[in-house]
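Down below is the structure, laid out as structure tokens.
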Amino acid sequence: MDRHVSDMKPESWLVAAGREPAPGAPLNVPLVPASNFIIGSGREYARDDGTPTWEALETIIGGLEHGHAVAFASGMAAIAAVFDQLHAGAVVALPTDCYQGVAGLAAAGAQRGRWSVQLLAVDDTAGWIDACARADLIWLESPSNPLLTVADLAAICAAPRKPGALVAVDNTFATPLNQQPLALGADISLQSATKFIGGHSDLLAGVATTSDPRLWAALKTSRELTGATPGTLEAFLAARGARTLAVRLQRAQATAQLLAERLAAHPRVLLVRYPGLPSHPTYATAQRVLKGFGTIISFDVRGGAAAADQVCQAVRLIHHATSLGAVESTIERRAAIPGQQHLPPSLLRLSVGIEDADDLWADLSSALAAIEATP
Ligand SMILES: *Cc1c(COP(=O)(O)O)cnc(C)c1O
């Protein structure tokens, strides 16, 4: 009766996994709001032992990533649990283009003397291979945020490591459908389930997956001791969102490819960063490492920050909002965010949703036309 991910395609697994096959059991993931359980089954207290709702989400994502998953309160909670594994004085190799929360977490820990941080460009493959031999945590994020640089995960994960070193990959932008870090040799793959897995901008959740049983137990213990547990409704919604992940991703990334090509040809656009464009600096790596190029496009408009702000104000179908990976398209000027001033001032990050491609292009092109001529 037991289903296994190797028996089917990931698209089928997303729909089939995490359901109780027993006669009379609910067809869907049960929403179990319980802190404690009757003693006798081994499951006593939710923070220690989990709940059937969290476990359904863990089964779905764990299978997809080819490991065992631990669900957390947010992506950052899952990420903090990985940093929680470090011993005092550890060396962390971190990408220069990195999710802001992770950069902040790493910097705060470094400031308190808990670890030291070495920054590397995402596409500096030789630098990462070298870091594998010296660092205790090799933190990769690919494609990166917001420059969408693709790391050569296959080469980096295969490099010899310092004994005990961990290679962790923030796989949020790629999703487990486009990239499988554990299969490439990483120790941990992370998802902010807030993004593509949930897919509807209505929850915060995170998942860490590993194929190492000891590491899995350590991550679970970290969740238990820090109390970084997922909400019941959030885990339910994330599992429900996962059912449609494949169709949402396939549609949105087909639209993203089209919009990236049209943006690249637009006279008011200076530069488009999308891993599926041959002009992208890591296009060749993306072809090798990724199954699909994702739904995020970063592009710079002519006319600087003011012009980019005008685009954000002029869109009608696309929402001027942060975050990504949802059914609705969102756009924001990244350098407007505190702490992100190092980015190009007119860089717009567009998360393409599942709306009609021509409607999205009509919205984008009229917003670009609304840029007032700059002197
Ligand atoms: C959003 C995000 C996170 C953090 O996830 P939360 O669920 O917001 O805590 C981490 N990494 C990446 C790449 C993200 O996009």
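The values are calculated or read from the model by the stated rules, or taken from the named source; none is laboratory data. Everything numeric in this text was worked out from a predicted model, so none of it was measured. Note that we place each Cβ from the backbone using ideal geometry, even for glycine, and neighbour counts take in every protein chain shown. Surface accessibility is based on the protein's heavy atoms, side chains included, excluding ligands, DNA and RNA. Shrake-Rupley method; radii C 1.70, N 1.55, O 1.52, S 1.80 Å.
Figures for the structure shown
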{"quantity": "Residue check for L237: outside any loop (DSSP other than H, G, I, E, B), within 16 Å of the ligand (Cβ to nearest atom) and open to solvent by less than 30 Å² (accessible area, probe 1.4 Å)", "calculated": "no"}
{"quantity": "Members of the range 204-227 found to be surrounded by fewer than 18 Cβ atoms within 10 Å (Cβ to Cβ) and within 9 Å of the ligand (Cβ to nearest atom), listed by number", "calculated": "none"}
{"quantity": "Given (1) away from the ligand (no atom under 13 Å from the Cβ); (2) open to solvent by less than 10 Å² (accessible area, probe 1.4 Å), number of the condition A158 does not satisfy", "calculated": "(2)"}
{"quantity": "Boolean, V92 is more than 30 Å from Q250 (Cβ to Cβ), open to solvent by less than 60 Å² (accessible area, probe 1.4 Å) and touching a Pro at 6+ places or on another chain (Cβ under 6 Å)", "calculated": "no"}
{"quantity": "Odd one out for P275 among (1) within 16 Å of the ligand (Cβ to nearest atom); (2) open to solvent by less than 10 Å² (accessible area, probe 1.4 Å); (3) closer than 26 Å to A71 by Cβ; (4) assigned to a loop (DSSP other than H, G, I, E, B)", "calculated": "(3)"}
{"quantity": "Evaluation of Q100 against (1) touching a helix residue (DSSP H, G or I) at 6+ places or on another chain (Cβ under 9 Å); (2) within 16 Å of the ligand (Cβ to nearest atom); (3) of a type in the set (S, T, N, Q) (one fails), failing number", "calculated": "(1)"}
{"quantity": "Unmet requirement for D123, which otherwise passes all of (1) open to solvent by 40 Å² or more (accessible area, probe 1.4 Å); (2) without any contact (Cβ under 8 Å) to a residue 60 or more places away in the chain", "calculated": "(2)"}
{"quantity": "Any hit, the range 7-30, residues being within 16 Å of the ligand (Cβ to nearest atom), part of a helix (DSSP H, G or I) and buried (at least 22 other Cβ atoms within 10 Å of the Cβ)", "calculated": "no"}
{"quantity": "Those residues of the range 256-268 which are open to solvent by 10 Å² or more (accessible area, probe 1.4 Å) and in contact with a helix residue (DSSP H, G or I) (Cβ under 7 Å, 6 or more places away or on another chain), in sequence order", "calculated": "L258, R262, H266, R268"}
{"quantity": "Among (1) within 14 Å of the ligand (Cβ to nearest atom); (2) among the polar types (S, T, N, Q); (3) open to solvent by less than 40 Å² (accessible area, probe 1.4 Å), the one test that S201 misses", "calculated": "(3)"}
{"quantity": "Boolean, T374 is modelled with pLDDT of 95 or more, more than 20 Å from D123 (Cβ to Cβ) and not aliphatic (A, V, I, L, M)", "calculated": "no"}
{"quantity": "In the range 58-82, the residues that are of a type in the set (V, I, T) and either within 16 Å of the ligand (Cβ to nearest atom) or not assigned by TED's automatic domain parsing to the domain that holds G206 (or both)", "calculated": "I61, V70, I79, V82"}
{"quantity": "Odd one out for R349 among (1) in contact with a Ser or Thr (Cβ under 7 Å, 6 or more places away or on another chain); (2) modelled with pLDDT under 95", "calculated": "(2)"}
{"quantity": "Of the criteria (1) in contact (Cβ under 8 Å) with a residue 40 or more places away in the chain; (2) closer than 21 Å to A25 by Cβ; (3) away from the ligand (no atom under 16 Å from the Cβ), which one E55 fails", "calculated": "(1)"}
{"quantity": "Qualifying residue in the range 33-48 (condition: assigned by TED's automatic domain parsing to the domain that holds K220, open to solvent by 50 Å² or more (accessible area, probe 1.4 Å) and among the aliphatic types (A, V, I, L, M))", "calculated": "yes"}
{"quantity": "Check on W128, farther than 22 Å from G276 by Cβ, within 15 Å of the ligand (Cβ to nearest atom), crowded, with 24+ Cβ neighbours inside 10 Å and free of Cβ contacts under 8 Å to residues at least 60 places away in the same chain", "calculated": "no"}
{"quantity": "In the range 322-336, residue most open to solvent (accessible area, probe 1.4 Å) [restricted to those that are within 13 Å of the ligand (Cβ to nearest atom) and not acidic (D, E)]", "calculated": "T322"}
